[in-house]
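Participant: Let me begin by handing over the structure; questions about it come next.
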Amino acid sequence: DYRLEDQDVNLQMRVLTIKQDELTKLYGNYVKAGIGNYGTLYLKGYFHNKRSNVASYGADVSHITSARGPVDGKNSAVTNSAINVNGEASMQGLTLGGKLGYGRDKYHFYGYSPVQETTVDRDTISQVFNRVNAEGYMHNHGAGMPLLFKAGLNVNYLNDRYDMRETNIAAKLNTEYGLDDVSAFKVDADLSLVAHKDSASVNRTLFKLHPQYERQLNAIRLSIGANIAYTGDTVNDARKFNVYPTVRVGVEPIKDNLLIYAGIGGDLQRVTLYQLTQENPFLAPNVRVADQNKGLEVYGGMQANIANFVHLTGRVAYQNFRNMYFYNNSASDSTKFDLLYDDGVTNVLNIYGEATFNYSDELRIGLKADYNKYSTASLEQAFHRPELMASVFATYNFYDKILFN
């Protein structure tokens, strides 16, 4: 064997550096404007701060008004205006945030029988809603925290042209305590205090507590708990104290591509005039509002991804409700709607399906349908609750410049 003598070689090494990718440019402001038929003006603006790891804040404004409507010209005009501000600050392990908004909606009760000889005074058929919403919340975050929580306080205020006022103060708390890597214990609590005043003054209290235990068993996820709820409503001798068992079993035979689930449950759902007047602004004065009691729900469904392009969602549920609300034209004034309740149990068979095709964020096509079969106890039919709601949608992004919808 022949061995070379050791020699020290001084190598001149140069470290090659990679140019750091530049961050995507952000735009904090966005404005939309348009005009349409019936003398419609459309204006929206969104204003927000740019990239920051300390705080996020912004505002948005909206004004959509139609000087005329489809019935009797100006007597069916409508205006919706709103302004909102929001902010959020992140500290070590804690996030604080809040929102504040004001909205003004103006409508006209144009459902009268047209009489050519009579001129309708627009001032007598107008309705104006003033809405104020304030919200504050906080939640912790961070790796390794066994206890996660989110607490929030929300205040909604509504008044109208007929001296109706409603104030809803709602508090919410969500907690999750991780027992280990595969199991956790959760507790959700809700409290809502509603003060309503028109021809009468009514105070409505709702409280809910939902403890549940979750565990992951390989491809199976199990959740067991109970929903405990109280309502102070008196409509139809509403059941004050309610307990609903909640069980949900999910199976993921193909991870991230197929999920099959089934379960049972129930809930007491808060109903307020704030939300009802957004759904139907032609409500008559002095209606009685009650929380919706979903006594039992048996459901099953699936979610599937095919080749990362096709996404399928399906769900079937059999539900029964007490104090489910319906709208129907007032017998004394056809321009307004009364709030009706089914005196007994309303059974609902719900079938929901959705299919979307999404190709590389350039082309997106979808179809969804929601079918509800109602079986009422005392009402002749499920007034103004459609059996089928379906929609088809498509979006095409042309060279990342022009968006077709």
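Participant: Name the one entry in THR205, THR167 that is more than 20 Å from GLY265 (Cβ to Cβ), open to solvent by less than 80 Å² (accessible area, probe 1.4 Å) and touching a Gly at 6+ places or on another chain (Cβ under 7 Å).
Facilitator: The conditions single out THR205.
Participant: As an exercise: evaluate TYR137 against (1) of a type outside the set (A, V, I, L, M, F, W, C); (2) without any contact (Cβ under 8 Å) to a residue 40 or more places away in the chain; (3) farther than 22 Å from HIS196 by Cβ; (4) open to solvent by less than 70 Å² (accessible area, probe 1.4 Å) and give the number of the one condition it does not meet.
Facilitator: For TYR137, the exception is condition (2).
Participant: Suppose the filter is under 25 Å from the mean Cα position of the chain (by Cα), outside any loop (DSSP other than H, G, I, E, B), more than 30 Å from ALA143 (Cα to Cα) and not charged (D, E, K, R); does ALA89 pass it? Give the derivation first.
Facilitator: Numbers: under 25 Å from the mean Cα position of the chain (by Cα): yes; outside any loop (DSSP other than H, G, I, E, B): yes; more than 30 Å from ALA143 (Cα to Cα): no; not charged (D, E, K, R): yes.
Here the answer is no, as ALA89 does not meet what is asked.
Participant: Sticking with this structure for a sec: Pairs please, first residue from the stretch 197-209 and among the aromatic types (Phe, Trp, Tyr), second anywhere and open to solvent by 80 Å² or more (accessible area, probe 1.4 Å) and modelled with pLDDT of 95 or more, Cβ atoms under 7 Å, 6+ apart in sequence or on different chains.
Facilitator: As it stands, the answer is PHE207/TYR230, since those pairs meet every condition given.
Participant: Restricting attention to the stretch 306-322, and to residues there that are modelled with pLDDT of 95 or more and either assigned to a loop (DSSP other than H, G, I, E, B) or of a type in the set (Gly, Ala, Ser) (or both), which single residue is most open to solvent (accessible area, probe 1.4 Å)?
Facilitator: Ranking the qualifying residues of the stretch 306-322, first place goes to GLY314.
Participant: Is at least one residue of the stretch 187-209 assigned to a strand (DSSP E or B), under 19 Å from ASP291 (Cα atoms), over 25 Å from the mean Cα position of the chain (by Cα) and among the hydroxyl-bearing types (Ser, Thr, Tyr)?
Facilitator: yes
Participant: Next question, about the same structure. Might you let me know whether the stretch 266-282 holds any residue that is open to solvent by 30 Å² or more (accessible area, probe 1.4 Å) and among the acidic types (Asp, Glu)?
Facilitator: Scanning the stretch 266-282 turns up at least one residue that is open to solvent by 30 Å² or more (accessible area, probe 1.4 Å) and among the acidic types (Asp, Glu).
Participant: Looking at this structure, is GLY45 open to solvent by less than 30 Å² (accessible area, probe 1.4 Å), closer than 30 Å to VAL194 by Cα and not aromatic (Phe, Trp, Tyr)?
Facilitator: Against the criterion (open to solvent by less than 30 Å² (accessible area, probe 1.4 Å), closer than 30 Å to VAL194 by Cα and not aromatic (Phe, Trp, Tyr)), GLY45 does not qualify.
Participant: Which residue, of SER81, SER76, SER62, is free of Cβ contacts under 8 Å to residues at least 24 places away in the same chain, surrounded by 15 or more Cβ atoms within 10 Å (Cβ to Cβ) and not hydrophobic (A, V, I, L, M, F, W, C)?
Facilitator: SER62
Participant: Can you name the residue in the stretch 323-360 that is among the hydroxyl-bearing types (Ser, Thr, Tyr) and surrounded by 15 or more Cβ atoms within 10 Å (Cβ to Cβ) and is also nearest to ASN236 (Cα to Cα) among such residues? Please lay out each step first, then the result.
Facilitator: Of the residues in the stretch 323-360, the ones among the hydroxyl-bearing types (Ser, Thr, Tyr) are 325, 327, 330, 332, 334-335, 341, 346, 352, 356, 359-360.
Now restrict to residues that are surrounded by 15 or more Cβ atoms within 10 Å (Cβ to Cβ): 325, 327, 330, 335, 341, 346, 352, 356.
On the way: TYR325: 12, TYR327: 17, SER330: 20, THR335: 26, TYR341: 8, THR346: 13, TYR352: 30, THR356: 43 Å.
Among residues in the stretch 323-360 that are among the hydroxyl-bearing types (Ser, Thr, Tyr) and surrounded by 15 or more Cβ atoms within 10 Å (Cβ to Cβ), the one nearest to ASN236 (Cα to Cα) is TYR341.
Participant: Taking the residues in the stretch 361-389 that are open to solvent by less than 70 Å² (accessible area, probe 1.4 Å) and part of a strand (DSSP E or B) as candidates, determine which candidate is farthest from THR346 (Cα to Cα).
Facilitator: The extreme case among them is LEU363.
Participant: Can you find, within the stretch 252-263, the residue that is nearest to ALA226 (Cα to Cα) among those that are open to solvent by 50 Å² or more (accessible area, probe 1.4 Å) and out of contact with any Lys or Arg (no Cβ under 8 Å at 6 or more places or on another chain)?
Facilitator: ILE260
The values are calculated or read from the model by the stated rules, or taken from the named source; none is laboratory data. Bear in mind that the values here come from a model prediction, so they are computed numbers and not experimental data. Cβ atoms come from the backbone with ideal geometry, glycine included; neighbour counts cover every protein chain shown. Accessible surface is based on the protein model in full, side chains and every heavy atom, while ligands, DNA and RNA are left aside. Shrake-Rupley method; radii C 1.70, N 1.55, O 1.52, S 1.80 Å.
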